[in-house]
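Engineer: Structure provided below as structure tokens; questions to follow.
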Protein chains: 2
Amino acid sequence: MSRLLIIGCGGVAQVAIRKCCQNSEVFTEIMIASRTKSKCDDLKAKLEGKTSTKIETAKVDADNVEELKELINAYKPDAVLNVALPYQDLTIMDACLVCGVDYIDTANYECEDTEDPKWRAIYEKRCKELGFTAYFDYSWQWAYQEKFKEAGLTAILGSGFDPGVTSVYSAYALKHYFDEIHTIDILDCNGGDHGYPFATNFNPEINLREVSANGSYWTDGHWVETKPMEWRAQYNFDQVGEKDMYLLHHEEIESLAKNIPGIKRIRFFMTFGQSYLTHMKCLEDVGMLRTDPIMVDGKEIVPIQVLKELLPDPASLGPRTVGKTNIGCIFTGVKDGKEKSIYIYNVCDHQECYKEVESQAISYTTGVPAMIGAMMVVKGLWKKPGVFNLEEMDPDPYMEALNKFGLPWQVVENPVPVDCYKTEDESVHMD
Amino acid sequence: MSRLLIIGCGGVAQVAIRKCCQNSEVFTEIMIASRTKSKCDDLKAKLEGKTSTKIETAKVDADNVEELKELINAYKPDAVLNVALPYQDLTIMDACLVCGVDYIDTANYECEDTEDPKWRAIYEKRCKELGFTAYFDYSWQWAYQEKFKEAGLTAILGSGFDPGVTSVYSAYALKHYFDEIHTIDILDCNGGDHGYPFATNFNPEINLREVSANGSYWTDGHWVETKPMEWRAQYNFDQVGEKDMYLLHHEEIESLAKNIPGIKRIRFFMTFGQSYLTHMKCLEDVGMLRTDPIMVDGKEIVPIQVLKELLPDPASLGPRTVGKTNIGCIFTGVKDGKEKSIYIYNVCDHQECYKEVESQAISYTTGVPAMIGAMMVVKGLWKKPGVFNLEEMDPDPYMEALNKFGLPWQVVENPVPVDCYKTEDESVHMD
């Protein structure tokens, strides 16, 4: 018996909501709130009659703490699941603190107005500390640690797949397979094919940032910043096949470096097809990814908005995407004095996801863990005062729920290790 | 002593005008006329004091026969050099006929409004006759043959490089090197580098048409239509090096098939760099080459216009383009019963052209032949009633002028032949 307030009604949110409704024993009542109430009402209409979860809807501006407080005080939920935009993490955390309600989200805070001088100053200080030229990190949300502790409230940060499940895999490996973990390689493979020459799963701006941002990895107690797409590896993924992948920065490597004792190296790799990268490069070359306005025929227009208009709507990719995702972690370390290595991963089929929840695997693999994170909190399984990343909590009930709710995992002993080399000179391999 | 009316003041026109001014003995007086008189005045200001050619300027709308007639009757030129748009060939020919003045142009007529039903009907009939799905051809201008003959006037069609010089090369080869020409391969190589990841020398729309249009070649008395970029060849060009080139349709192969007796095969190849083709393909894939309006943020916008705005202005490429062009024809045939083969070509340096006339080699190689064509007519060297392509005239004085005015040519005996193969399956070579 619980009441959950879910903020957001986009792709990931809709999967989380549908999954809550498959789990009515835990989620007896939910409220879906977003800026566009009609989206919430449409989804409610689709679900009603097929679930015993009682669904309510509301309109809320998640940038506005007062509106959020009013809504929370009116609905009196046991917890708030934030599946809105990462720009809104802090306003929602603020409202939860005031109203005395637990908090769960899926992605770390990002400042929307990166030119705001106050933000800029903190950001630049942080980059300097880490020796990085660009960085998005958990420090904004970790700063709420004392406030949540004092309020006796729980905040669970990043309960998606990566970050999220990858952290739970790490805690699980440490609990059951290792005395000490030395290295973690997170491998995010999307083997899906939507049949278009080029399309993006999200906003093209976010896709671009992934490809054009500097990467980073943690090694021997410090961060190493890499050039965009500087390191590449091929890997033969179970049920997907051989793919090219590239070393990127990703938020969970930050928290894992802090929370996994004795860890020596953490890397994150994501697959990108050559055609995807070529299109991105060509579009960048001609300026189509520019976010500043230009004048065309006397009209002010932002090039990336034109591109967004031309590209297939990401929501339209769901029904036509075939293939599978394979996301997981390769761990090396020692157990009882012996070196060992395991690979924990999930394989998810785009078409099966679509059949089940009308979303392909990209949204599915994030939305299901969002529901599970909320379940851990409202069931009291993960209930301690403070702000936590997932590797800080007991992984066992979460791992059990993954198997039950559509993201079953496998453990492979002695997997093929990742051999990573320089894109510009393939003879240079990373130690 | 002559008066020449030059219509147009764009990139090619400016080269032709500067070249006339280097040849004041022949062009004692010229008038530059265009829709934007200020462009003509600006160029006049640059040239005056450096030439003994007397320059006048005028405003004219080349779509308007009445305006053209008025201007011609007022200026009373010996000939009209049309270096305006190919859409305006017919109006200018009409005005010349009425006013009794000779006519020279550089590119065959194209209909601007391809949806006009009258044009459509003729076009489709012509495509059907030739067994082609798309076609731009000389038939519109050849239809003026009797009118020019009756008026005792000369019209010289296509006095650029290709078409133009390539036709003169053909006539020259036939006059001096062969009893019969069996094959002609026209090779258009631009080895220039402007240092941008992607830019177009002309309007991107025209560049796109080159790449995405069906190709064609003449063989054994009939036309063969090819898919876009279906046939490729590598060729090692003198002073440029090894380049990929593709078989395209090009207007001069049409007139050469008609005018070179006994010709068995004519092909046209143009070089394209892989990066250029990749950018074109990616831009096409995402719809950036679309010429129909779309709505972006409530504003109607044509994608290719956005691209034009983003790409470097073609005019800005001149000062930064380095490298050379190499354009010419490989002929095979018989002389005195023996098989033989020769290659006639010109090599042109982008930077040297820019130093001389503030245009790179693309405009230079078209603008110089435009001036020479006019010179042939006003000097009475090419003076016979009717409408003619360049291979129908005596090539010797034109070839002499090419050497004198910046486009020197070379003749190589026994050149390496073109080995052309299918892009999709390199084991299939053309006979």
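The values are calculated or read from the model by the stated rules, or taken from the named source; none is laboratory data. Nothing here was measured: the structure is a model prediction, and the numbers come from that model. All Cβ positions, glycine included, derive from the backbone under ideal geometry; neighbour counts span all protein chains shown. Calculation scope for accessible area: heavy atoms of the full protein, side chains included, ligands and nucleic acids excluded. Shrake-Rupley method; radii C 1.70, N 1.55, O 1.52, S 1.80 Å.
Engineer: What strands (runs of 3 or more DSSP E), lying completely within region A:380-431, carry at least 2 residues that are surrounded by 17 or more Cβ atoms within 10 Å (Cβ to Cβ) and in contact (Cβ under 8 Å) with a residue 12 or more places away in the chain? Outline the logic, then answer.
Structural biologist: Values: elements: A:386-389, A:409-413, A:420-422.
Output list reads A:386-389.
Engineer: Moving to a separate point now. Given the conditions (1) open to solvent by 30 Å² or more (accessible area, probe 1.4 Å); (2) over 29 Å from B:F405 (Cβ atoms), report the number of the one that B:T226 does not fulfil.
Structural biologist: Exception for B:T226: condition (1).
Engineer: Taking the criterion of being surrounded by fewer than 21 Cβ atoms within 10 Å (Cβ to Cβ) and either more than 14 Å from the chain's Cα centre (by Cα) or touching a residue at least 24 places away in the same chain (Cβ under 8 Å) (or both), would at least one residue in region B:160-171 satisfy it? Quick ask: steps written out before the conclusion?
Structural biologist: Narrowing region B:160-171 to residues surrounded by fewer than 21 Cβ atoms within 10 Å (Cβ to Cβ): none.
Within region B:160-171, not a single residue is surrounded by fewer than 21 Cβ atoms within 10 Å (Cβ to Cβ) and either more than 14 Å from the chain's Cα centre (by Cα) or touching a residue at least 24 places away in the same chain (Cβ under 8 Å) (or both).
Engineer: Here is a further query. Looking only at region B:189-214, which residues are assigned to a strand (DSSP E or B) and either surrounded by 21 or more Cβ atoms within 10 Å (Cβ to Cβ) or hydroxyl-bearing (S, T, Y) (or both)? Can you show your working first?
Structural biologist: So in region B:189-214, the residues assigned to a strand (DSSP E or B) come out as B:189-190, B:193.
Once the filter is applied, which keeps residues that are assigned to a strand (DSSP E or B) and either surrounded by 21 or more Cβ atoms within 10 Å (Cβ to Cβ) or hydroxyl-bearing (S, T, Y) (or both), region B:189-214 yields B:C189, B:N190.
Engineer: Report, by residue number, each residue of region A:255-278 that is out of contact with any helix residue (DSSP H, G or I) (no Cβ under 9 Å at 6 or more places or on another chain) and crowded, with 21+ Cβ neighbours inside 10 Å.
Structural biologist: Passing the criteria: A:F269, A:T271.
Engineer: Another question about this same structure. Just to be sure I understand the filter: pairs with C-beta atoms under 7 Å, separated by 6 or more residues or on different chains, first member in region B:259-278 and without any contact (Cβ under 8 Å) to a residue 40 or more places away in the chain and within 14 Å of chain A (Cβ to nearest Cβ), second member among the acidic types (D, E) and in a strand (DSSP E or B). Which pairs pass?
Structural biologist: Listed pairs, sorted by first residue: B:Q274/B:D244.
Engineer: Is it fair to say A:P319 is more than 18 Å from the chain's Cα centre (by Cα) and either farther than 19 Å from A:Y235 by Cβ or modelled with pLDDT under 95 (or both)? Walk me through it before giving the result.
Structural biologist: On the way: more than 18 Å from the chain's Cα centre (by Cα): yes; either farther than 19 Å from A:Y235 by Cβ or modelled with pLDDT under 95 (or both): yes.
Considered against the rule, which asks whether it is more than 18 Å from the chain's Cα centre (by Cα) and either farther than 19 Å from A:Y235 by Cβ or modelled with pLDDT under 95 (or both), A:P319 comes out as yes.
Engineer: Something else: Going through B:K19, B:K44, B:K50, B:K54 one at a time, which residue ends up being free of Cβ contacts under 8 Å to residues at least 24 places away in the same chain and farther than 23 Å from B:K149 by Cβ? Working first, answer last.
Structural biologist: Working: B:K19 fails: free of Cβ contacts under 8 Å to residues at least 24 places away in the same chain; B:K50 fails: free of Cβ contacts under 8 Å to residues at least 24 places away in the same chain; B:K54 fails: free of Cβ contacts under 8 Å to residues at least 24 places away in the same chain.
Of B:K19, B:K44, B:K50, B:K54, the one residue that is free of Cβ contacts under 8 Å to residues at least 24 places away in the same chain and farther than 23 Å from B:K149 by Cβ is B:K44.
Engineer: Out of region B:238-250, which residues are buried (at least 20 other Cβ atoms within 10 Å of the Cβ) and out of contact with any Gly (no Cβ under 7 Å at 6 or more places or on another chain)?
Structural biologist: Taking region B:238-250 as the starting set, the residues that turn out to be buried (at least 20 other Cβ atoms within 10 Å of the Cβ) are B:243, B:245-250.
Passing the criteria: B:M245, B:Y246, B:H250.
Engineer: Limited to region A:89-109, what total is found for residues that are assigned to a helix (DSSP H, G or I), open to solvent by 10 Å² or more (accessible area, probe 1.4 Å) and farther than 21 Å from A:K379 by Cβ? First the steps, then the outcome.
Structural biologist: As a first pass, look at region A:89-109 and keep what is assigned to a helix (DSSP H, G or I): A:89-99.
If we keep only those that are open to solvent by 10 Å² or more (accessible area, probe 1.4 Å) too, we end up with A:90-91, A:94, A:97-99.
Of the ones still in play, those that are also farther than 21 Å from A:K379 by Cβ are A:90-91, A:94, A:97-98.
Looking only at that region, the number is 5.
Engineer: If you go through region A:359-378 one residue at a time, do you hit one that is modelled with pLDDT of 95 or more and open to solvent by 70 Å² or more (accessible area, probe 1.4 Å)?
Structural biologist: Looking for residues that are modelled with pLDDT of 95 or more and open to solvent by 70 Å² or more (accessible area, probe 1.4 Å), one finds none in region A:359-378, hence no.
Residue-by-condition table, conditions (1) at pLDDT below 95; (2) over 24 Å from B:M93 (Cβ atoms); (3) of a type in the set (D, E, K, R):
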{"site": "B:G158", "(1), (2), (3)": "no, no, no"}
{"site": "B:F161", "(1), (2), (3)": "no, no, no"}
{"site": "B:V168", "(1), (2), (3)": "no, no, no"}
{"site": "B:I186", "(1), (2), (3)": "no, yes, no"}
{"site": "B:P197", "(1), (2), (3)": "yes, yes, no"}
{"site": "B:L208", "(1), (2), (3)": "yes, yes, no"}
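Engineer: Inside region B:279-320, can you point out the residues that are more than 11 Å from chain A (Cβ to nearest Cβ) and open to solvent by 10 Å² or more (accessible area, probe 1.4 Å)?
Structural biologist: Let us first name the residues in region B:279-320 that are more than 11 Å from chain A (Cβ to nearest Cβ), namely B:291-292, B:313-320.
Passing the criteria: B:T291, B:D292, B:D313, B:P314, B:A315, B:S316, B:P319, B:R320.
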